[in-house]
1. So which residues in the range 153-195 are over 18 Å from residue 217 (Cα atoms) and of a type in the set (D, E, K, R)?
2. What do you reckon, is residue 189 under 21 Å from residue 41 (Cβ atoms) and over 15 Å from the mean Cα position of the chain (by Cα)?
3. Considering only the range 70-92, state which residues are in contact (Cβ under 8 Å) with a residue 40 or more places away in the chain and part of a helix (DSSP H, G or I).
4. Return yes when residue 24 is farther than 25 Å from residue 121 by Cα and modelled with pLDDT of 95 or more and no when it is not.
5. Failed condition for residue 171, given (1) in contact (Cβ under 8 Å) with a residue 12 or more places away in the chain; (2) assigned to a helix (DSSP H, G or I); (3) under 20 Å from residue 134 (Cα atoms); (4) not polar (S, T, N, Q), with all others met?
6. How about the range 67-86: which of its residues are over 23 Å from residue 150 (Cα atoms) and within 15 Å of the chain's Cα centre (by Cα)?
7. Name the residue, out of 184, 176, 198, 221, that is closer than 28 Å to residue 60 by Cβ, crowded, with 23+ Cβ neighbours inside 10 Å and of a type in the set (Gly, Ala, Ser).
8. For the range 123-136, state whether one or more residues are closer than 16 Å to residue 79 by Cα, buried (at least 17 other Cβ atoms within 10 Å of the Cβ), out of contact with any Phe, Trp or Tyr (no Cβ under 6 Å at 6 or more places or on another chain) and among the β-branched types (Val, Ile, Thr).
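The values are calculated or read from the model by the stated rules, or taken from the named source; none is laboratory data. The structure presented is a predicted model; accordingly, all values stated were derived computationally and were not measured. Don't worry about glycine lacking a Cβ; one is built from the backbone with ideal geometry, like all the others, and counts go over all protein chains shown.
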Amino acid sequence: MLMPEEEILRVRGDIRGTYAKLSKIYATLEGRFEKKLRERGLELLDVQEGEAVLEIGFGTGYSLVEIARAVGKTGRARGIDLTPEMVELARTRLEKAGLAERVELYEGDAREMPYQDNQFDGVYMAAALELFDTPDIPRVLAEIKRVLKSTGRLGITSMTKEGHQGSIVLRLYEWAHRTFPRYASCRPIYVEESVIGAGFKIDRAEEMMLGGVFPMKIVVAKP
């Protein structure tokens with residue numbers, strides 16, 4: 001049963017501006033705080049050599065490095081992110097890893113992507129879906145479904161509200177989101193319900209506590 005939209009907080013404020021300011025410190029947060037979550041999400045997505053894989057909201061590029069290595073010289077890695085500062089940080093990381101030639105970066109909006117239909121074997125989205133306003137979540141998932149091959153797979157990690165509606169930690173975080181939207185820019189969402197509602201079939205779903213505090217859902221699904 002799909003959860004009513006009013007149970008998910010709306011996103012207010014300028015996400016692009018927020019992450020432009022956070023870009024210099026986000027590399028540390030992404031590299032250390034999200035390391036285990038990122039590793040498990042990519043493990044479940046199981047990127048193979050020769051595949052075409054897109055990452056949405058790639059941040060400073062940690063996951064893109066791993067995706068580029070996994071697809072190898074015969075594969076194609078793509079990344080789209082809304083924030084120009086993140087694009088430059090990711091490009092620098094890829095260049096240092098000697099993988100820049102394998103990855104095409106694009107500064108743009110996942111609600112309207114520049115890619116052709118049925119183009120990718122895999123789409124990966126880590127800690128990014130919860131940044132989109134509630135009405136935009138199905139729009140982003142519809143775009144993902146459009147660019148995925150019929151045999152492709154979607155990998156998402158996201159802060160989840162499923163099974164944690166009474167969580168004091170999430171209630172405090174939602175309060176911070178309402179009060180300081182520029183800093184607590186994301187919020188927990190119903191991950192599995194959103195994915196199913198967009199026409200995907202879930203193959204695998206796991207939960208992990210980020211920092212031992214925040215419940216995160218890892219989902220792998222197919223169109």
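1. Correct list: 178, 182.
2. no
3. 84, 85, 86, 89
4. Answer is no for this residue.
5. If we test residue 171 against (1) in contact (Cβ under 8 Å) with a residue 12 or more places away in the chain; (2) assigned to a helix (DSSP H, G or I); (3) under 20 Å from residue 134 (Cα atoms); (4) not polar (S, T, N, Q), just (1) comes out false.
6. Correct list: 81, 82, 83, 86.
7. Values: 184 fails: crowded, with 23+ Cβ neighbours inside 10 Å; 176 fails: crowded, with 23+ Cβ neighbours inside 10 Å; 198 fails: crowded, with 23+ Cβ neighbours inside 10 Å.
Step by step, each of 184, 176, 198, 221 is checked, and only 221 is closer than 28 Å to residue 60 by Cβ, crowded, with 23+ Cβ neighbours inside 10 Å and of a type in the set (Gly, Ala, Ser).
8. Checked against the condition, which is being closer than 16 Å to residue 79 by Cα, buried (at least 17 other Cβ atoms within 10 Å of the Cβ), out of contact with any Phe, Trp or Tyr (no Cβ under 6 Å at 6 or more places or on another chain) and among the β-branched types (Val, Ile, Thr), the range 123-136 yields at least one hit.
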